[in-house]
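Only one structure is covered here, and it is reproduced in the block below.
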């Protein structure tokens with residue numbers, strides 16, 4: 001068993017190893033190999049790079065790192081030549097990797113041709129910017145994500161060298177009550193969606209009677225388009241584990257669980273490796289570092305049920321029961337797992353703790369705004385130029401996130417969905433809305449775990465509400481009638497409207513039913529399920545009216561409510577649509593206006609998306625209804 005002095009010795013060794021890496025006499029190649037990078041072909045890129053090195057018999061080291069943020073640039077490959085800063089290359093295919101490694105590493109050309117950024121001082125290059133000065137990263141503030149993409153997530157010494165476990169040292173030099181007070185003064189709120197003050201939950205649990213208490217890390221990230229927690233654990237698993245140790249010490253927990261969906265195999269693998277490292281270095285188990293603190297962690301893989309993101313359903317799943325919510329009180333902090341006091345914190349909440357304890361309350365409160373201190377991680381996806389993982393201070397306006405960080409939308413902006421399937425759809429009038437818990441709640445949306453889906457004018461909000469409600473209806477545990485039957489009826493109404501069978505009275509019925517589900521569902525998930533319906537009705541009423549009154553979907557999504565036509569005036573006869581049409585519905589000679597056979601058209605939208613001359617028109621498919629009173 002090691003003690004604090006031994007840990008300090010280990011940190012000194014880690015810092016020496018890190019210094020040697022930063023000043024390596026051989027080339028170092030970093031490849032973003034988290035899930036987003038692998039989906040883009042990062043492992044094939046890695047193999048290609050290794051092949052060139054092997055053939056040339058060049059001594060170089062390849063390190064797999066996590067997601068650094070700009071997923072739209074994956075696969076990312078960085079090279080640090082001896083005595084030079086790390087230089088980044090984007091969208092590196094295997095073929096391109098071979099050329100880059102051959103030129104830069106094998107031949108030592110020193111050329112920055114094709115590079116997008118560097119990690120050195122400003123004066124290093126006039127050709128390319130510093131990486132964190134790129135438009136997507138310049139407005140961000142990386143606190144929780146500071147190690148992601150920068151260290152090898154499977155190396156304990158890399159985390160130690162970057163300041164890891166200093167927060168735990170500070171925490172364990174204090175009394176547990178002082179740790180809770182510090183977190184309370186920092187104003188940390190739960191990052192899983194509700195924004196409940198973390199310290200209040202901890203205080204209730206610590207003061208609840210019972211020697212056995214549990215801490216659960218909620219990594220059951222089920223929102224479509226959300227990948228914040230997964231990317232965090234894939235890129236920096238020890239950040240979450242250090243946070244768990246701090247939280248367990250504060251509340252007096254001796255047993256911990258990480259509840260993570262089995263669909264995250266890479267995150268599970270890296271968590272298990274990190275846990276083994278903690279045990280090896282005496283940071284997990286009995287009498288941690290000789291302090292008398294006992295705490296151990298188990299990984300529980302969930303089966304992917306969205307409802308298990310709700311606290312009581314998650315507890316039921318860990319206990320081996322069907323994952324469905326229960327009424328509260330009692331709250332888990334009083335009676336949770338196996339009837340014992342239990343704290344459930346989101347992974348991002350836990351990963352924030354080391355920074356608060358290591359740097360202090362005043363440091364943490366410099367980010368964000370009163371009542372909403374700190375930073376928040378978001379996954380930014382959809383019709384935005386720069387998609388990926390971002391971290392910004394709470395209170396950052398939506399406009400900054402979409403236009404400055406996201407690079408805007410190729411087509412005119414229409415809406416943004418915040419908070420996933422339980423969140424709200426906000427129109428352009430809210431672009432200057434600050435991203436904080438209260439501001440979002442005031443307009444009918446939520447922060448959620450951090451999913452942001454950006455939409456342009458080619459998005460049909462009726463179809464969007466239908467999509468999210470379909471997801472929610474499929475994922476409903478069915479325990480309470482409002483959620484089980486209410487979502488079914490809401491979905492039927494939306495199907496009618498999408499298919500052109502909607503009546504004017506359906507809109508008021510849709511709104512009334514959604515409000516009923518919101519007020520009467522058992523759990524928070526059920527109560528938030530109607531949010532996409534209510535917010536699209538509230539801010540995009542005209543779109544619903546058009547679907548019902550005109551039997552028309554102007555976004556060309558609801559296939560029963562539109563048809564395509566080629567405008568002979570705008571068509572130049574370029575032939576792109578003709579070549580792309582999979583069923584031969586488009587005919588015409590080159591440089592002559594083309595024509596489209598509506599009877600053959602399958603509405604695949606390929607011609608509509610391809611045409612740069614706006615020659616593909618969207619027309620109503622059927623006769624309109626009378627005016628809505």
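The values are calculated or read from the model by the stated rules, or taken from the named source; none is laboratory data. Everything quoted here is computed from the prediction, not taken from an experiment. Here the Cβ is made from the backbone with ideal geometry for all residues, glycine too, and neighbour counts use every protein chain on show.
Some notes on this structure:
- The residues in the stretch 149-160 that are farther than 18 Å from residue 244 by Cβ and buried (at least 22 other Cβ atoms within 10 Å of the Cβ) can be counted, and the count is 3.
- Verdict on residue 533 being outside the structural domain of residue 451 (by TED's automatic domain parsing) and not in a helix (DSSP H, G or I): no
- Selection from the stretch 193-208 of residues that are surrounded by fewer than 16 Cβ atoms within 10 Å (Cβ to Cβ) and either part of a helix (DSSP H, G or I) or assigned by TED's automatic domain parsing to the domain that holds residue 472 (or both): 200, 207
- The set of residues in the stretch 242-257 that are in contact (Cβ under 8 Å) with a residue 60 or more places away in the chain and either in a helix (DSSP H, G or I) or surrounded by 24 or more Cβ atoms within 10 Å (Cβ to Cβ) (or both) comprises 242, 243, 244, 245, 246, 247, 249, 250, 251, 253.
- For residue 45, the test of being farther than 30 Å from residue 171 by Cβ, touching a residue at least 24 places away in the same chain (Cβ under 8 Å) and not in a loop (DSSP other than H, G, I, E, B) is passed.
Residue by residue, here is whether (1) surrounded by fewer than 16 Cβ atoms within 10 Å (Cβ to Cβ); (2) within 22 Å of residue 283 (Cα to Cα); (3) more than 28 Å from the chain's Cα centre (by Cα) holds:
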residue: 170; (1), (2), (3): no, yes, yes
residue: 176; (1), (2), (3): no, yes, yes
residue: 184; (1), (2), (3): no, no, no
residue: 188; (1), (2), (3): no, no, no
residue: 191; (1), (2), (3): no, no, no
residue: 210; (1), (2), (3): yes, no, yes
residue: 213; (1), (2), (3): no, yes, yes
residue: 219; (1), (2), (3): no, yes, no
residue: 222; (1), (2), (3): no, no, no
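- Against the list (1) touching a residue at least 40 places away in the same chain (Cβ under 8 Å); (2) more than 17 Å from residue 355 (Cβ to Cβ); (3) touching a strand residue (DSSP E or B) at 6+ places or on another chain (Cβ under 8 Å), the condition residue 157 fails is (3).
Okay, residues lined up against (1) assigned by TED's automatic domain parsing to the domain that holds residue 380; (2) modelled with pLDDT of 95 or more; (3) in a helix (DSSP H, G or I); (4) in contact with a strand residue (DSSP E or B) (Cβ under 6 Å, 6 or more places away or on another chain):
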site	(1), (2), (3), (4)
75	no, yes, no, no
101	no, yes, yes, no
109	no, no, no, no
136	no, yes, yes, no
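- Entry remark, the stretch 481-502: residues being part of a loop (DSSP other than H, G, I, E, B) and without any contact (Cβ under 8 Å) to a residue 60 or more places away in the chain number 2 in total.
- Subset tally (residues that are part of a helix (DSSP H, G or I) and buried (at least 19 other Cβ atoms within 10 Å of the Cβ)) for the stretch 12-42: 6
- Matching residues, the stretch 356-380, being in contact with a strand residue (DSSP E or B) (Cβ under 9 Å, 6 or more places away or on another chain) and crowded, with 21+ Cβ neighbours inside 10 Å: 364, 368, 372, 373, 374, 375, 376, 377, 378, 379, 380
- Filter result for the condition that a residue is outside the structural domain of residue 533 (by TED's automatic domain parsing), farther than 23 Å from residue 197 by Cα and free of Cβ contacts under 8 Å to residues at least 40 places away in the same chain, over 411, 399: 399
- Within the stretch 258-270, being crowded, with 24+ Cβ neighbours inside 10 Å and in a helix (DSSP H, G or I) holds for one residue alone: 267.
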